[in-house]
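The values are calculated or read from the model by the stated rules, or taken from the named source; none is laboratory data. What you are looking at is a predicted structure, and each value in this text was computed from that prediction instead of being measured. With ideal geometry, Cβ positions are generated from the backbone for all residues, glycine too; neighbour counts draw on all protein chains shown. Calculation scope for accessible area: heavy atoms of the full protein, side chains included, ligands and nucleic acids excluded. Shrake-Rupley method; radii C 1.70, N 1.55, O 1.52, S 1.80 Å.
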2 protein chains.
Amino acid sequence: MWETNYLNNLRTETPGCQHKIHLNNAGASLMPAPVIDAISEYLQLESITGGYETANMRQKSIHEAYVNMANLLNTKAKNIAFTASATDSFFRAISSIAFKQGDILLTTNDDYVSNQITFLIWQKRFGLQLVRVPNEPGGGLDLDAMEQAIKKYRPKIVSVTHVPTNSGLVQPVEEVGRMCRENDIIYLVDGCQSIGQLALDVEKIHCDFLSGTSRKFLRGPRGMGFLYVSDRILEKGYEPLMLDMRGADWTSENEYQSHSDARRFELWENSYALVLGMGAAAKYAYEIGMDNIEARVKKLADYTRKALFEIHGVKVLDQGKELCGIVVSQIEGWDRAKFKPLLDEKNINTSISDGDSAQTSFAKRGIEWGLRISPHYYEYGRGN
Amino acid sequence: MWETNYLNNLRTETPGCQHKIHLNNAGASLMPAPVIDAISEYLQLESITGGYETANMRQKSIHEAYVNMANLLNTKAKNIAFTASATDSFFRAISSIAFKQGDILLTTNDDYVSNQITFLIWQKRFGLQLVRVPNEPGGGLDLDAMEQAIKKYRPKIVSVTHVPTNSGLVQPVEEVGRMCRENDIIYLVDGCQSIGQLALDVEKIHCDFLSGTSRKFLRGPRGMGFLYVSDRILEKGYEPLMLDMRGADWTSENEYQSHSDARRFELWENSYALVLGMGAAAKYAYEIGMDNIEARVKKLADYTRKALFEIHGVKVLDQGKELCGIVVSQIEGWDRAKFKPLLDEKNINTSISDGDSAQTSFAKRGIEWGLRISPHYYEYGRGN
């Protein structure tokens, strides 16, 4: 699969590869040419034809973006909503649950900072109770503890970040999905860092919601997200608080009727240029094959961990049974403000993970900052 | 100001003018070249440099987009939040109020359909009570009735759509602002259809929130909106339910601290290409001058109304003391499905207003559909 010729073709389709060694795919990836072209071509058409007129003309292409996204998750177009970001998707999912005072949300210690802030404001405003299930000693969610917590607390919802932003950890989302289904609990998976790097199958995960972004490993444009919504949620009538004329019809002065598909979780206004860009990114990943991508990303990350391990004063922080394409390490004796610019100068893109944005993971372990290296399949590894 | 030479220069900067007579600016306008260029140039830079890396490099330009938007509203950059749409902005504003069962939201009969659906779901979920102030017999909000309603109901918030989507009406938002300030009521103005066609001054309007979009009369890209947030709201600590690491810092396991400026109402992820496009659109409008734009749009719309008045079987529906750039008319004896394609064939962009999306305005008046004509300053009028 990953012969040098094939890889070089993919690199040729990635203009950024000519300029940078891009190891910041967990921040935002480099868009391939089909993504850039889809956006540019649509914007040009809008500028000469009009925004609404272009959307009417290109209805078929817009629908294909939903199909492409659905294919990547093993679901149907009607279960996909497009949003402005993963956080936006996550919020719309959470907001569809009419929490009562004292309702419990069960999560992990590695859930994403923005989700944590969302939980806390819902706690403050609506009395939602937040319970975090402990990790195993070696890192990663303790599944026995999760099962016990589900039985003990009977949470209204379980929310798990598939791949935390500050570590290479892959959480066992399928096992948690089985528990939620058996106990009839709503299950929300944040796939922000897994979409585009790991093969995701919403049927296997058994989730009710899966939120994600376009810009990271999926290689789509910034400012776009998606939300998978299960048939179960749609049939039971869950509605996001952000409901407008896209998600519902205003049927009489004091009544509305929300739509039967995942469009219910969308808003009327969209940048269709970005929708098509995201659809092109999903198609691009699907055609390479998510199993192939996952294998290569894991291989490159393993290689990176091994290489870092051999450097004196560098400590790889990733913990857990299964690791993926995010590698975070502590660099002894360096100030974060001085270290990253050295890499920037060499045209190597990376990012810094802060303790402040990881109160329940980094901060607990006394870690101030880490260097985050997140390679994608289009980078050369040892051999190619 | 509007000599033919000047107008022709503006038209040359608008590629769509070569192909279409665009009378659908209340749907989405035609972007001028500086907007298209700002977006394209930024996307190209992202594709060769990386999404996060480009945002770091272009911090100054991104800040200027806030300044440009603030200038247009006579406020400061720190009072501007960028969002994905006007509805998104509107929702974030509403969500910052911790409504209690029975709290009253006072609005009009001409408020936008998506706002109405939002009110209804908040009514259903949180027991918010919706009260609509009646119109004057000749159309437009009855100011005496509004003042009485404010005193009678002591609403938690007053929400007024400045220019309804289905008529040329301009609501008296400054007068309502004075009443709200005198009675210490939170005041939200939906400026979705007024931004870019009317001169807006948040100090004169005395509003706490003003929401708006990029794609309509402002001539920016689709998929972008803004929210003005007053110092009063910021100082009193109102926080949107959609709060993430852009709007707040996670300070310890169970605490967060929201930011002091309008960034509190933003989410972390943005398409900065679209942010710059919107900033360029704001600058473009500011440089032409909002007073000049307002005068010309009103003149073109008046001319349109007069021309329609002379056609047998056509009835102009716009009602109210002050009218602007949206002209809606009933066309006797025509089916909506047959009429608009005739205009499309002649390369004239317009739109159809439905009774279904106007339950408290059209539906009450027994109107099934209307042809909406919304010219912008760059179209030729009588004379030029």
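Accessible-area loss of 20 Å² or more (1.4 Å probe, protein heavy atoms, chain alone versus all protein chains) is found in the stretch B:74-97 for B:A84, B:S85, B:T87, B:D88, B:F91. For the stretch B:280-290, backbone phi angles converted through the Karplus equation (6.51, -1.76, 1.60; θ = phi - 60°) give residue-by-residue couplings of 5, 5, 5, 5, 4, 5, 4, 5, 5, x, 5 Hz, Gly and Pro being listed as x. Label-to-label distance, B:E255 versus A:V131, with points set 7 angstrom from Cα along the beta-carbon direction: 2.5 nm. The sum of -39500 (n - 2.57) across all DSSP H runs of n ≥ 4, divided by the residue count of chain B, sets its helix-only mean residue ellipticity at 222 nm to -12000 deg cm²/dmol.
Per-residue accessible area (protein heavy atoms, 1.4 Å probe) orders A:H312, A:H22, A:H206 as A:H312, A:H206, A:H22, starting from the largest. Looking at chain B, the pairs of alpha carbons with a distance over 39 Å make up 17% of the total. Near B:V133, the amide H atoms lying under 5 Å from its own belong to B:T107, B:T108, B:N109; only residues 5 or more places off or on other chains count, and H is placed 1.01 Å from N. Considering only B:E175, B:E46, B:E235, the mean-square fluctuation computed in a Gaussian network model of chain B, springs between alpha carbons under 10 angstrom, is largest for B:E235. Shortest first, B:V131 label-point distances to identical copies amount to 4.3 nm, with the label point at 7 Å from Cα along Cα→Cβ.
First compute the accessible area of the protein assembly as shown with a 1.4 Å probe, then give the percent of it belonging to carbon and sulfur atoms. If you can, show how the numbers build up before the last one.
Working: 13610 of 28200 Å².
Of the solvent-accessible surface of the protein assembly as shown, carbon and sulfur hold 48 percent.
Give the calculated FRET efficiency between A:N183 and B:T12 to the nearest 0.05, with a Förster radius of 56 Å applied to their Cβ-Cβ distance. Present the calculation step by step, with values, prior to reporting the outcome.
Values: r = 65 Å, r/R0 = 1.16.
After rounding to 0.05, the efficiency reads 0.30.
For the pair A:N384 and A:A295, label points projected 7 Å from Cα toward Cβ lie 1.2 nm apart.
Shown for the stretch A:226-263: residues covered by the partner protein chains by 40 Å² or more of accessible area relative to the chain by itself (probe radius 1.4 Å), namely A:L241, A:M242, A:L243, A:D244, A:M245, A:W250, A:E253, A:N254, A:Y256. A 1.4 Å probe run over the protein assembly as shown, with the rest of the protein chains in place, finds 37 Å² accessible per residue. Treating each Cα of the protein assembly as shown as an identical point scatterer and summing with the Debye formula, the log10 of I(q)/I(0) at q = 0.07, 0.08, 0.10, 0.11 Å⁻¹ comes to -0.49, -0.64, -1.00, -1.21. Extending 7 Å from the Cα toward the beta-carbon at both A:K152 and B:D144 defines two label points whose distance is 6.6 nm. Label 7 Å along Cα→Cβ of B:N347; the stretch A:21-45 residues with amide nitrogen under 16 Å? Correct set: A:45. Pairing chains B and A buries close to 6900 square angstrom of accessible surface in total, based on protein heavy atoms and a 1.4 angstrom probe.
Can you pick out the pairs among A:K100/B:K236; A:K100/A:K364; A:K20/A:K298; A:K60/A:K216; A:K76/A:K204 whose Cα atoms lie more than 19 Å from each other? Please list the in-between numbers first.
On the way: A:K100/B:K236 26 Å; A:K100/A:K364 31 Å; A:K20/A:K298 21 Å; A:K60/A:K216 26 Å; A:K76/A:K204 15 Å.
Pairs exceeding the cut-off: A:K100/B:K236; A:K100/A:K364; A:K20/A:K298; A:K60/A:K216.
Hey, how many Å between the Cα centroid of the stretch A:11-34 and the Cα centroid of the stretch B:230-305? Here the answer is 31 Å between Cα centres. Here the 3J(HN,Hα) profile of the stretch B:103-118, calculated from phi with Karplus coefficients 6.51, -1.76 and 1.60 at θ = phi - 60°, is 4, 10, 10, 9, 9, 10, 8, 10, 6, 5, 3, 5, 5, 4, 5, 4 Hz, Gly and Pro shown as x. Structure remark: mean-square fluctuation, Gaussian network model of chain A, C-alpha springs under 10 Å; the largest value among A:S252, A:S40, A:S211 belongs to A:S252.
Of the residues in the stretch B:6-51, those shielded by at least 50 Å² of accessible area once partner protein chains are present, compared with the chain alone at a 1.4 Å probe, are B:M31, B:L43, B:S47, B:I48. Accessible surface comparison of A:T165, A:T12, probe 1.4 Å, protein chains only, largest first: the order is A:T12, A:T165. Ligands, DNA and RNA excluded, the heavy atoms of B:T304 present near 20 Å² of accessible surface to a 1.4 Å solvent probe. Placing a label point 7 Å from Cα along the Cα-to-Cβ axis, B:E174 is separated from the same position in the other copies by 6.6 nm, shortest listed first.
Estimated translational diffusion coefficient (Stokes-Einstein, Kirkwood radius over Cα pairs, 4 °C, 1.567 mPa s) of the stretch A:63-197: 83 µm² per second. With respect to the axis relating copies B and A by rotation, the chain B residue whose beta carbon is closest, plus that distance in Å, is B:A84, 2. Plainly put, the tip 7 Å out from Cα toward Cβ on B:Y380 is 6.0 nm from that tip on each other copy, the closest given first. Result for chain A in a Gaussian network model with C-alpha springs under 10 Å: among A:M146, A:M31, A:M57, the largest mean-square fluctuation is at A:M57.
Just to confirm a number: summing +1 for Lys and Arg and -1 for Asp and Glu over residues other than A:V316 whose beta-carbon lies under 10 angstrom from that of A:V316, what do you get?
On the way: positive: A:R305, A:K306, A:K315; negative: A:D318.
Overall, the nearby charge balance is +2.
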